[in-house]
Amino acid sequence: MIRSVLMTFLVVAAVGLAIFLVLGATLWHYQERVVFQPPGPPHPGAAGARRIDFVAEDGQPLFAYLVGEPDSTGIIIVFHGNADLAGWQIPWANELARRTGRAVILAEYRGYGGLPGTPTYAGGAIDARAVHALTRDSLRVSPDRIALYGHSLGSAIAAELARDVSPEVLLLVSPMSSARDMAGRISANAVMLFRTRLARVHYDTEGLVRSLDAPVWVAHGSRDAVIPVEMGKRVFAAAKKRGELLLIDSAGHNDLIDLGGDHYWQWIRKALGAVDDPG
């Protein structure tokens, strides 16, 4: 009887371990596919913006959309979320340029918008550095007049770039505190993976902002079901230099701008040092 129970226990334990290992291996293999989810074709064109093609340091072809013309006022580099496209942001970028008087450059990632390559954590950092170099060297914008803006996944990419380039200001919309914290919303196996050296995605916005000299501004929807508002609050609280925390009641992950309305535009203009809102 005891032997039978023991054998049953060992079989169940072995099956459980096998399932755990299979799930863990699957998460390891596909971890970046979970983080990066490029939309398929058709991809939007550049109506309302100027497309600029350039090449990253590793030879990866890239492009970005420029709205407006850079001048002494400065420029805003925008990094979009994981299932978004730079081209979809062109109407918003035109409104942003109109309201702030600044040029806007919408960065695209490898593997997105028809670009070749596969999006990865390391590749995203290279792409971010490349668009900043383009802005600084080709568009001739002084680094201290370059603001970084990121939404969702883009907020993590913007924060990592801010660590390396010291922007004028860092604006984060619906930021995650860290990749590890987000993994906890997927499964226990994902948490275990992100606690090991096997993890390839190392975003830690909450940790990064502790040492940033640039002021950090955060906006988050109170009903965000993708990235909880508590993460945005933690990122803001951790910042070495805090700007302003904007919480939009009833807003989710993708409707913060619409529901925020004037509050959102006042927040972003204040972050950029603008005074009179043209409306």
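Every read-out reported here was derived from the displayed coordinates using simple, explicitly stated rules and does not represent laboratory data. Small disclaimer: the values here were computed from a predicted structure and weren't measured. Because the Cβ atoms are built from the backbone with ideal geometry, glycine has one as well, and the counts that use them run over all protein chains shown.
Can you figure out the FRET efficiency of Asp58 with Lys233, using R₀ = 41 Å and their beta-carbon distance, to the nearest 0.05?
Efficiency, from the Cβ-Cβ distance: 0.70.
I want to check the label-to-label distance for Trp88 and Asp213. Put each point 7 Å from Cα in the C-beta direction and report it in nm to one decimal.
3.7
Could you list the chymotrypsin sites (Phe, Trp or Tyr not before Pro) in segment 223-272 that lie in coil according to DSSP, counting only those with at most 10 other Cβ atoms within 10 Å of their Cβ?
Working: sites: Phe236, Tyr264, Trp265, Trp267; in loops: none.
Answer in residue order: no site qualifies.
Could I have the simple spin-label model distance between Thr118 and His43, label points 7 Å from Cα toward Cβ, reported in nm to one decimal?
It works out to 1.8 nm between the two label points.
With charges set only on the Cβ (+1 for Lys and Arg, -1 for Asp and Glu), what does the dipole of segment 76-156 come to about its Cα centre, in debye to the nearest 20? If you can, show how the numbers build up before the last one.
Working: 8 positive and 6 negative charges, 52 e Å.
That gives segment 76-156 a dipole magnitude of about 240 debye.
Please give the Cα centre distance for segment 237-261 versus segment 98-133, rounded to the nearest Å.
Value for the Cα centre distance between the two parts: 23 Å.
Between Arg242 and Leu139, what length in nm is gained on full extension when 0.36 nm per residue of separation is reduced by their alpha carbon distance?
Working: separation 103, 0.36 × 103 = 37.08 nm, distance 2.88 nm.
Length gained, Arg242 through Leu139: 34.2 nm.
With the Cα gyration tensor of segment 41-147 giving a ≥ b ≥ c as the square roots of its eigenvalues, does the rule (a/c under 1.5 for rounded; else a/b larger than b/c for prolate; else oblate) give rounded, prolate or oblate? Mind showing how you got there, number by number?
On the way: a/c = 1.97, a/b = 1.27, b/c = 1.56.
In terms of gyration-tensor shape, oblate.
Lys270: which lysines have alpha carbons under 17 Å from its alpha carbon, excluding same-chain residues fewer than 8 sequence positions away?
Answer for Lys270, where 17 Å is the Cα cut-off: Lys241, listed by chain and number.
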